[in-house]
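Reading through the structure tokens given below for one structure.
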Amino acid sequence: MKELFNRYVQEIETYIMFQIKQKTLELTPELIKKNRAPIGLDIGAPTDNPPKFVVDKLKEALDIDGIHKYSTPKGEAFFLEAIAQRMKNRFGVDVDPKTEICSLIGSKEGLANIVRELINPAVEDKDKEIILVPDPGYASYSQMLLVSGGLAYPIPLTMENNFMPDMEDVLASLRKDGYDEKKVKAVIINYPNNPLGATAPKEYYKKVVDFCKKHNYLLISDAAYCDMYFDESKKPISALEVEGAKDVTLEFHSFSKPYAMTGWRLGWVCGNKEALGMFAKQKSTIDTGLFKALQYAAAAVLNSDEGEAYIEQANKGFKEKQQILVEGFKKLGWSEKDFMVPDATFYLWLPIPNQYKTSKEFTDALLATSGIVAVPGSAFGKFGEGYVRISIVAPKDKLYEVIERMEKDGFTYTA
Ligand SMILES: Cc1ncc(COP(=O)(O)O)c(C=O)c1O
């Protein structure tokens, strides 16, 4: 049967997070026996329940006449209007609910669809169309390109470039590597970034918008973490705040992280009307939109006081957890100059101790010895090698236990 599937699907591996989950499951009985039951620092999702307000709204929606019938792929008018209002309230951005917004079954679905809509598939690397993707970056971007017959070319995010590289330098590297810049279709940016937690100011967004205009590329801004931040003065912005950004930009938003609604699978894309129209046209052949009751509840939470209070409270909790781990890792030998304390997201990005050759070797040892589940930096791209991503969402007592176990089991840091 395998040979019936296209070569891209044959080549791809199961998504890294599910691989880690499987490995953890296999090791669990042995780990429990030695008092090292797994603690998940791999999870990229809030662990609390969503706001009670939104759950109540969902219950209320279930009895509304017609709510159980098909919706439309773009979304119900009331849902799109609530999103337009959110974009206005949160970012001061105007988007037309009729032509510039489309609902998503989670932003992952939207990102996967936009990639395959842009790429004309090819087999040989030299023939492939290209999207520039952050590296380290969300592992799905390069996987999506692989299954679409395209090529992910890395935008290196390093401490040296302050995680905001000059895009012309990226194009210069691409040419040097023998690729044709005319094959580039789009640029993906993701601030606040997974896995680094890096944010970007408006000036950087402007540079990227100008770059995309100059070269006629689509700018894909992944704003999944825009509401997870710890410092009001560094509140993440929308790419669409840049004047004229709408000429070249589609921005992807998610309900998953800010409202702990990961399982609801809800998001939206907004921006350039023509690009949005193309996106929605293809989507209409693939899915029939979101359950209307979900849209009803989600629309209610978007611009509500309850939603805002929830986000504020959740971010306060994440900051406290971040501090526990930052202090803990310092005790274990990591110093301030070895890693950045992010202003946003629920991740920490640490260099691995020097006795490990690869990040995978380190995370495998951490799991097998101490039952601590973390994600090797290499999962996020070639510039992620040598690092480990730590998620801070676990309960506080578990975070203290992580540091205790690492200390006892000899996982200290030497550069
Ligand atoms: C950077 C980034 N973008 C998008 C997503 C997808 O989120 P969802 O599909 O739940 O909206 C994630 C999930 O972890 C992510 O880390």
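So, Leu174, is that one over 21 Å from the mean Cα position of the chain (by Cα) and either hydrophobic (A, V, I, L, M, F, W, C) or more than 16 Å from the ligand (Cβ to nearest atom) (or both) or not? Let's see the steps before the verdict.
Values: over 21 Å from the mean Cα position of the chain (by Cα): yes; either hydrophobic (A, V, I, L, M, F, W, C) or more than 16 Å from the ligand (Cβ to nearest atom) (or both): yes.
Yes, satisfied.
If I filter segment 44-60 down to residues being aliphatic (A, V, I, L, M) and within 16 Å of the ligand (Cβ to nearest atom), which single residue comes out as farthest from Pro195 (Cα to Cα)?
Looking only at segment 44-60, we keep the residues that are aliphatic (A, V, I, L, M), and these are 45, 54-55, 58.
Then keep just the ones that are within 16 Å of the ligand (Cβ to nearest atom); that gives 45, 54.
Details: Ala45: 12, Val54: 28 Å.
Among them, the one singled out is Val54.
Just one of (1) under 28 Å from Gly106 (Cβ atoms); (2) surrounded by fewer than 23 Cβ atoms within 10 Å (Cβ to Cβ); (3) among the β-branched types (Val, Ile, Thr) trips up Thr158, so point out which.
For Thr158, the exception is condition (1).
Go through segment 1-49 and give me each residue that's among the hydroxyl-bearing types (Ser, Thr, Tyr) and either closer than 30 Å to Phe255 by Cα or touching a Ser or Thr at 6+ places or on another chain (Cβ under 9 Å) (or both). Break it down into steps so the answer makes sense when it comes.
Keep residues of segment 1-49 that are among the hydroxyl-bearing types (Ser, Thr, Tyr), which gives 8, 14-15, 24, 28, 47.
Tyr8, Thr14, Tyr15, Thr24, Thr47 - these are the residues of segment 1-49 that are among the hydroxyl-bearing types (Ser, Thr, Tyr) and either closer than 30 Å to Phe255 by Cα or touching a Ser or Thr at 6+ places or on another chain (Cβ under 9 Å) (or both).
Does segment 1-15 contain at least one residue that is touching a residue at least 12 places away in the same chain (Cβ under 8 Å), at negative phi and touching a strand residue (DSSP E or B) at 6+ places or on another chain (Cβ under 9 Å)?
No, there is no match, as no residue in segment 1-15 is touching a residue at least 12 places away in the same chain (Cβ under 8 Å), at negative phi and touching a strand residue (DSSP E or B) at 6+ places or on another chain (Cβ under 9 Å).
Regarding segment 71-78, can at least one residue be identified that is acidic (Asp, Glu) and in contact with a Phe, Trp or Tyr (Cβ under 9 Å, 6 or more places away or on another chain)? Please lay out each step first, then the result.
Of all residues in segment 71-78, those acidic (Asp, Glu) come to 76.
From what is left, the residues that are in contact with a Phe, Trp or Tyr (Cβ under 9 Å, 6 or more places away or on another chain) are 76.
Yes: one or more hits.
Given Asp127, Asp166, Asp135, Asp96, which one is within 14 Å of the ligand (Cβ to nearest atom) and acidic (Asp, Glu)? Reasoning before the result, please.
Numbers: Asp127 fails: within 14 Å of the ligand (Cβ to nearest atom); Asp166 fails: within 14 Å of the ligand (Cβ to nearest atom); Asp96 fails: within 14 Å of the ligand (Cβ to nearest atom).
Only one candidate passes the filter, namely Asp135.
Hey, any hits in segment 52-67 for a residue that's at pLDDT 95 or above and of a type in the set (Gly, Ala, Ser)? Working first, answer last.
The first filter runs over segment 52-67 and keeps only residues at pLDDT 95 or above, leaving 52-67.
Next cut, of a type in the set (Gly, Ala, Ser) only: 61, 66.
Among the residues of segment 52-67, at least one is at pLDDT 95 or above and of a type in the set (Gly, Ala, Ser), which makes the answer yes.
Just for segment 374-410: of the residues that are assigned to a helix (DSSP H, G or I) and small (Gly, Ala, Ser), which one is nearest to Phe329 (Cα to Cα)? Outline the logic, then answer.
Here is the first cut: in segment 374-410, the ones assigned to a helix (DSSP H, G or I) are 377-380, 382-384, 396-408.
Okay, now just the ones that are also small (Gly, Ala, Ser), so 377-379, 384.
Values: Gly377: 17, Ser378: 21, Ala379: 22, Gly384: 19 Å.
Ranking the qualifying residues of segment 374-410, first place goes to Gly377.
Residue under question is Lys108, and the condition is that it be more than 16 Å from the ligand (Cβ to nearest atom) and either surrounded by fewer than 16 Cβ atoms within 10 Å (Cβ to Cβ) or modelled with pLDDT of 95 or more (or both); does it hold? If you could, list the steps in order and put the result at the bottom.
Numbers: more than 16 Å from the ligand (Cβ to nearest atom): no; either surrounded by fewer than 16 Cβ atoms within 10 Å (Cβ to Cβ) or modelled with pLDDT of 95 or more (or both): yes.
So Lys108 fails the test.
Could you please tell me which pairs satisfy a Cβ distance under 7 Å, a separation of 6+ or placement on different chains, a first residue in segment 394-414 that is buried (at least 19 other Cβ atoms within 10 Å of the Cβ), and a second residue that is in a helix (DSSP H, G or I) and among the aliphatic types (A, V, I, L, M)?
Within 7 Å, the pairs are Leu399/Ile324; Leu399/Leu325; Phe411/Leu366.
The conditions are (1) touching a Phe, Trp or Tyr at 6+ places or on another chain (Cβ under 7 Å); (2) of a type in the set (Gly, Ala, Ser); (3) under 30 Å from Ile20 (Cβ atoms); (4) away from the ligand (no atom under 15 Å from the Cβ), and Ala37 fails exactly one of them. Which is it?
The one condition Ala37 does not meet is (1).
Could you tell me which residue of segment 214-262 is surrounded by the most Cβ atoms within 10 Å (Cβ to Cβ), considering only residues that are more than 16 Å from the ligand (Cβ to nearest atom) and on the phi > 0 side of the Ramachandran plot?
Here the answer is Gly244.
Report the residue count in segment 189-239 for those that are outside any loop (DSSP other than H, G, I, E, B) and free of Cβ contacts under 8 Å to residues at least 60 places away in the same chain.
Our first condition is that a residue be outside any loop (DSSP other than H, G, I, E, B); within segment 189-239, this holds for 189, 202-215, 218-222, 229, 232-234, 239.
Keeping just the survivors that are free of Cβ contacts under 8 Å to residues at least 60 places away in the same chain gives 189, 202-215, 219, 221, 232-233, 239.
Going through segment 189-239 one residue at a time, the tally reaches 20.
The values are calculated or read from the model by the stated rules, or taken from the named source; none is laboratory data. Given the structure is predicted, the values throughout are model-derived calculations rather than measurements. Note that we place each Cβ from the backbone using ideal geometry, even for glycine, and neighbour counts take in every protein chain shown.
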